[in-house]
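Data block below; observations after.
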Amino acid sequence: MSARPRAPEAVGAIVQQLEEAGFPTWAVGGAVRDAYLGVESGDWDLASRATPKEVMRLFRRTIPVGVDHGTVGVFGSDGVLYEVTTFRRDVETFGRHAVVEFADTLEEDLSRRDYTLNAIAWHPLRGDVVDPFDGIADLRSGVLRAVGEAADRFREDFLRILRGIRFAGRFGLDVEEQTWRAMCDLSKGLEGLSAERVREELMKVMAQDAAPSAAFALYSGSGALGRILPDLAQLASNSPELWAQVLTACDSVSQDRPLLRLALIASPLMVGVTPPEGAAKLRKTLEELRFSNAEARTISHTLAAASAPPGLGPACTDADARRWLSRHGTEALNDVIRFWVARFRAGIDDGVDLRTISSLRRAAASGAPLSVGDIAFAGGDLIRLGYTPGPAFGEVLERLLDVVLESPELNSTERLMEIAAELLGPSQGHGT
């Protein structure tokens with residue numbers, strides 16, 4: 001664990017300018033916490049007595065990130081945007097719509113934070129530390145503890161339950177008893193959170209945690225999983241061995257691929273149901289969590305392709321591999337292979353082995369035609385042969401693609417023209 005944080009020079013310069021103007025300013029939040037954990041972080045946030053108007057008056061390059069909440073973004077000399085937030089205190093607390101007002105002291109500001117590990121302030125110029133809730137001691141002991149009464153903190157904003165689980169999972173912390181009991185007792189409050197906020201938390205777990213299984217174990221144990229992902233919670237309860245294997249598979253995938261990790265987590269939705277039923281369940285879950293259309297397509301496509309392997313070992317011919325690639329696309333191949341490999345290592349048999357994967361990779365690298373647009377024949381060729389455009393054109397081109405997928409060597413205009421004529425019969429241009 002690092003002895004003290006070290007801020008970028010640009011952060012020190014911002015603090016110095018604010019303090020020379022008479023506004024005490026401290027580094028707070030994630031960067032301070034991460035420094036004491038020995039984790040690098042570029043997320044430097046500052047808390048100051050300066051109001052948003054005063055911050056914008058002092059600095060030439062600013063962005064009103066959240067002026068109503070006291071936050072202004074200030075561009076440092078390094079071109080990075082750093083958030084400066086006015087000291088605040090709670091006036092009324094009722095979930096996300098709490099009423100706050102600006103405060104005079106740092107201590108008031110720290111007292112309204114969620115966990116002791118986030119209620120540590122460090123001065124970038126003097127190196128002083130303000131730690132009224134012993135957050136550093138908790139970090140050194142590997143403990144996650146709420147500031148003050150845990151139940152009060154969670155009633156102020158139930159998202160703090162999910163945030164705490166993410167911190168505990170990511171940093172390998174033990175949740176303090178009172179904090180854990182409040183998480184379990186108040187997990188029902190998660191049902192009132194917006195889908196966007198839940199989705200954001202899930203994405204952070206997938207993108208930041210080396211092993212998402214730690215957070216998901218806490219989701220399950222606290223009852224949070226049943227509140228935010230009820231279909232998966234039911235499946236996890238019914239098939240605990242499979243769920244454990246799915247979490248192991250998720251852990252084996254790099255955090256650089258959060259959507260693939262999510263596809264693995266969602267894969268139990270496809271078990272024991274028909275493909276249309278599984279797709280409908282998945283679509284419902286993604287829609288409820290407000291994933292973007294692009295994200296939903298990526299996850300759905302990966303699962304659909306992975307759930308339909310082309311064949312096992314020698315049974316997967318080159319033609320089978322080309323047809324699979326024609327149906328699912330070469331763009332999906334690498335993630336689908338990662339999906340299969342992760343599940344195989346976790347002990348899940350998807351009916352895929354290395355020979356199947358080799359066949360797919362060989363077919364993708366061969367340059368063989370995989371779509372109607374790739375074949376050496378088009379609708380214009382049929383018109384030149386004297387055929388009248390109509391619905392049959394599309395059917396013929398699909399038939400020609402199937403021929404080429406089976407035998408790529410037949411992909412020549414002349415040969416496909418002969419096959420098309422056989423399929424359509426004589427044209428007016430050729431007589432009867």
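The values are calculated or read from the model by the stated rules, or taken from the named source; none is laboratory data. Here the structure is a predicted model, which means the values were calculated and not measured. We place every Cβ from the backbone using ideal geometry, glycine too, and count neighbours over all the protein chains shown. With ligands, DNA and RNA removed, areas are computed over all heavy atoms of the protein, side chains included. Shrake-Rupley method; radii C 1.70, N 1.55, O 1.52, S 1.80 Å.
Can you give me the number of residues within region 198-212 that are charged (D, E, K, R) and open to solvent by 40 Å² or more (accessible area, probe 1.4 Å)?
3
Enumerate the pairs (first residue in region 74-85 and free of Cβ contacts under 8 Å to residues at least 24 places away in the same chain; second residue anywhere and among the β-branched types (Val, Ile, Thr) and surrounded by fewer than 18 Cβ atoms within 10 Å (Cβ to Cβ)) with beta-carbon separation below 7 Å, excluding pairs fewer than 6 apart on the same chain, so at least 6 apart or on different chains.
Qualifying pairs under 7 Å: Leu81/Ile63.
Quick one: Leu225 ticks every box in (1) without any contact (Cβ under 8 Å) to a residue 24 or more places away in the chain; (2) open to solvent by 40 Å² or more (accessible area, probe 1.4 Å); (3) of a type outside the set (Val, Ile, Thr) except a single one, so which number is it?
Status for Leu225: all satisfied but (2).
Which members of region 119-177 meet the condition of being of a type in the set (D, E, K, R), outside any helix (DSSP H, G or I), open to solvent by less than 50 Å² (accessible area, probe 1.4 Å) and in contact (Cβ under 8 Å) with a residue 24 or more places away in the chain?
First, pick out the residues of region 119-177 that are of a type in the set (D, E, K, R): 126, 128, 131, 134, 138, 140, 145, 149, 152-153, 155-157, 160, 163, 166, 170, 174, 176-177.
Of the ones still in play, those that are also outside any helix (DSSP H, G or I) are 126, 128, 131, 134, 145, 149, 157, 174, 176.
Cutting the leftovers down to open to solvent by less than 50 Å² (accessible area, probe 1.4 Å) gives us 131, 157, 176.
Of everything in region 119-177, those that are of a type in the set (D, E, K, R), outside any helix (DSSP H, G or I), open to solvent by less than 50 Å² (accessible area, probe 1.4 Å) and in contact (Cβ under 8 Å) with a residue 24 or more places away in the chain turn out to be Asp157, Glu176.
Among the residues of region 286-322, write down those that are within 17 Å of the chain's Cα centre (by Cα) and either at pLDDT below 90 or open to solvent by 70 Å² or more (accessible area, probe 1.4 Å) (or both). Walk me through how you get there before you give the answer.
Looking only at region 286-322, we keep the residues that are within 17 Å of the chain's Cα centre (by Cα), and these are 286-303.
If the condition is that a residue be within 17 Å of the chain's Cα centre (by Cα) and either at pLDDT below 90 or open to solvent by 70 Å² or more (accessible area, probe 1.4 Å) (or both), then Glu287, Glu288, Arg290, Asn293, Arg297, His301 are the ones that fit.
Pairs needed: first member in region 316-338, within 11 Å of His301 (Cβ to Cβ) and acidic (Asp, Glu); second member anywhere, assigned to a helix (DSSP H, G or I) and open to solvent by 30 Å² or more (accessible area, probe 1.4 Å); C-beta distance under 9 Å; at least 6 residues apart or different chains.
Glu331/His301; Asp335/Leu259; Asp335/Thr298; Asp335/His301
Hey, which of the helices (runs of 4 or more DSSP H) in region 345-409, taking only ones fully inside, have at least 2 residues that are of a type in the set (Asp, Glu)? Talk me through it step by step, then tell me what you get.
Details: elements: 354-365, 379-384, 391-406.
Here the list reads 391-406.
Of all residues in region 201-251, which are within 23 Å of Trp340 (Cβ to Cβ), among the polar types (S, T, N, Q) and over 18 Å from the mean Cα position of the chain (by Cα)?
Ser239, Gln245
Against the condition of a type in the set (Ser, Thr, Tyr), open to solvent by less than 40 Å² (accessible area, probe 1.4 Å) and closer than 16 Å to Val341 by Cα, how does Ser267 come out, does it pass? Write out each step before concluding.
On the way: of a type in the set (Ser, Thr, Tyr): yes; open to solvent by less than 40 Å² (accessible area, probe 1.4 Å): yes; closer than 16 Å to Val341 by Cα: yes.
Against the criterion (of a type in the set (Ser, Thr, Tyr), open to solvent by less than 40 Å² (accessible area, probe 1.4 Å) and closer than 16 Å to Val341 by Cα), Ser267 qualifies.
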